[in-house]
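J.: Sharing a structure here in structure tokens format.
Here, each number is a calculation from the coordinates, and none is a lab measurement. Source: prediction; values computed, not measured. Please note: Cβ atoms are built from the backbone with ideal geometry, for glycine as well, and neighbour counts cover all protein chains shown.
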Amino acid sequence: MKGLSERVTRLKPSATVAVNAKALELRRRGVDVIAMTAGEPDFDTPEHIKEAARRALAEGKTKYTPPAGIPELREALAEKFRRENGLEVSPEETMVTVGGKAALYNIFQALIDPGDEVILIAPYWVTYPAQIELAGGVPVVVPTAPEAGFIPDPDAVRAKVTPRTKALVVNSPNNPTGAVYPREVLEALARLAMERGFYLISDEIYEHLIYEGTHFSPGQLAPEHTITVNGAAKAFAMTGWRVGYAAGPKAVIQAAIKVQGQITTHATSIAQWATLEALTNPATQAFIQRARETFRARRELIVEGLNRLGFPTPKPQGAFYVMADVSRIDLDEVKAAERLLEAARVAVVPGTDFAAPRHVRFSYATSTENIQAALERLEALG
Ligand SMILES: Cc1ncc(COP(=O)(O)O)c(C=O)c1O
């Protein structure tokens, strides 16, 4: 019997899945575990968005759509990028995908040749290196320090550029650190991409969850070099709907659509109509505002609590995650996460796969009561 491909054998399963499985197993045995692992808002999708999906269903909008997405949604995306991100893109320079994850996959497949290097800023979202390697690329990692709030130094990024550098991935607000990169840093990285002729892939999926400062899209400065990736999941509490989108130079977007056409074909028709409603109905803005205020209050609670209990973490300005240093429990973050789960019944994701040794990621996309209870359990741990 012949074996599995080398490619898939090398592929790492998601770190979150492993810890979730353990937490679920404990729950099954009747242990009450507080899960702080979620990468999704704990709110329901707003009613006006659900209603648009029901309408699409009732109207029989259940057939194949063009691979790049329904024209109405691509037009709304071009308008959204202009209004919210200062990007001048036409509908043909946008694409709708099966989640932000598939947008990234299609783009990496469209850009990377075997041996091409893609620079990642650590700690990074675990999916980037996995998808880069699936495309035959080589992730090149630039570390950041908690003392610098996990903000990258553009000179350190410059030092990693080689003739094989094809792209740099930037994710601000950041998963897993919650860091929001200052505009000057993003501008410096965009200038570097222009100067050295590589692509900047800007993952802006948490753009609306910023508690201090404002969001800046580097594509404003380097439109020929930047592919901006985003999605409906985090902004509109639509994780399960699987809608992502991207904008960028026409040749890259067309190539990514060609990839999509041979894989998923397109995002689900009904979910595309729902996303159109999310982007165009002003009620969505009120929802985002409320979500942001809720997350902001939870952030205060968890950051203060973790620092007080000896798990240092810089105060993040965005997203709904904090990276805490757990080395006082164990220098090995996997062992520390296990101890937190077994002794305190709090589930977190070890930093290993995010390239964040000695750290674990807490998600505060859970109720204030859960955060308070989790902090009490950590305190009882001593
Ligand atoms: C940084 C980042 N980018 C992209 C995504 C993709 O989300 P989705 O595929 O659900 O749209 C996620 C989800 O966790 C994320 O954290």
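J.: Report, in order of residue number, the helices in the chain meeting two criteria: a C-alpha extent of 30 Å or more along the helix axis, and a mean Kyte-Doolittle hydropathy of at least -1.0; treat each whole DSSP H run as one helix. Mind dumping the intermediate values first?
T.: On the way: long enough: 283-308 (38 Å, -0.62).
Both cut-offs are met by 283-308.
J.: Just to compare against my own numbers: the Cα pair-distance distribution for region 63-281, 10 Å bins, whole % per bin, please.
T.: It works out to 9, 37, 38, 15, 1, 0, in whole percents.
J.: Let me ask something additional. Determine which lysines satisfy two conditions relative to residue 80: a Cα distance under 18 Å, and not lying fewer than 8 residues away in the same chain.
T.: 234, 250
J.: Within the chain, what percent of beta bridges assigned by DSSP are antiparallel, to the nearest 5? Let's see the in-between values first.
T.: Details: 16 of 37 bridges.
Counting DSSP beta bridges with both partners in the chain, the antiparallel share is about 45 percent.
J.: Please state the equivalent ellipsoid semi-axes for region 113-213: what are the square roots of 5 times the Cα gyration tensor eigenvalues, largest first, in whole Å?
T.: 21, 15, 12
J.: Suppose every Lys and Arg Cβ carries +1 and every Asp and Glu Cβ carries -1, with no other charges. What dipole size does region 63-281 come out with about its Cα centre, to the nearest 20 debye?
T.: Values: 17 positive and 23 negative charges, 98 e Å.
Around 480 debye, computed over region 63-281.
J.: In addition: If you filter region 227-277 for chymotrypsin sites (Phe, Trp or Tyr not before Pro), then keep DSSP loop positions with at most 10 other Cβ within 10 Å, what is left?
T.: Sparse-neighbourhood loop chymotrypsin sites (Phe, Trp or Tyr not before Pro): none present.
J.: Report the Stokes-Einstein translational diffusion coefficient (µm² s⁻¹, integer) for region 306-358, Rh taken as the Kirkwood radius over Cα pairs, at 20 °C with viscosity 1.002 mPa s.
T.: Approximately 187 µm²/s, per Stokes-Einstein.
J.: Find the percent of Cα-Cα distances in region 53-106 that exceed 19 Å, and round it to a whole number.
T.: Values: 554 of 1431 pairs.
Pairs farther apart than 19 Å: 39 percent.
J.: Please sort 152-165, 198-211, 324-337 by packing, taking for each peptide the average over its residues of neighbouring beta carbons within 10 angstrom, highest first.
T.: On the way: 152-165: 15.2, 198-211: 23.6, 324-337: 19.7.
So the order, starting with the most tightly packed, is 198-211, 324-337, 152-165.
J.: Using +1 at the Cβ of each Lys and Arg and -1 at the Cβ of each Asp and Glu in region 63-281, identify which of 208, 159, 115 lies farthest towards the dipole's positive end.
T.: Farthest towards the positive pole: 115.
J.: So for region 63-281: antiparallel DSSP bridges make up what percent, rounded to the nearest 5?
T.: Numbers: 8 of 27 bridges.
Roughly 30 percent of the DSSP beta bridges within region 63-281 come out antiparallel.
J.: How big is the charge dipole of the chain about its Cα centre, in debye rounded to the nearest 20, if each Lys and Arg gets +1 on its Cβ and each Asp and Glu gets -1 on its Cβ? Don't skip to the end; give the middle numbers.
T.: On the way: 43 positive and 45 negative charges, 165 e Å.
The calculated dipole for the chain is roughly 800 debye.
J.: Considering every pair of different Cα atoms, what Kirkwood radius, in Å, is found for the chain?
T.: For the chain, the Kirkwood estimate is 21.4 Å.
J.: Give me D for region 38-132 in µm² s⁻¹, whole number, from Stokes-Einstein with Rh from the Kirkwood sum over alpha-carbon pairs, 25 °C and 0.890 mPa s. Please report the intermediate quantities before stating the final value.
T.: Working: Rh = 16.4 Å.
Rounded to a whole number, D works out at 149 µm²/s.
J.: Here is a further query. For a quick check: sort 108, 81 by the number of other beta carbons within 10 angstrom, fewest at the front.
T.: Numbers: 108 26, 81 23.
Ascending Cβ contact count within 10 Å gives the list 81, 108.
J.: Using the 10 angstrom Cβ neighbour count as an exposure proxy, how do 90, 172, 5 rank, fewest first?
T.: 5, 90, 172
J.: Once you sort the root eigenvalues of the Cα gyration tensor of region 124-181 as a ≥ b ≥ c, which label holds: rounded (a/c under 1.5), prolate (a/b larger than b/c) or oblate (the other case)? Please list the in-between numbers first.
T.: Details: a/c = 2.51, a/b = 1.33, b/c = 1.89.
Oblate shape, in that a/c is at least 1.5 and b/c is the bigger or equal ratio.
J.: Neighbour counts of other C-beta atoms within 10 Å: give me 250, 50 arranged from fewest to most.
T.: Ordered from fewest to most neighbouring Cβ atoms within 10 Å, 250, 50 come out as 250, 50.
J.: Along the charge dipole of region 189-312, which of 268, 295, 310 sits closest to the positive end, that is, farthest toward it, with unit charges on the beta carbon of Lys, Arg, Asp and Glu (+1, +1, -1, -1)?
T.: Toward the positive end, the furthest listed residue is 268.
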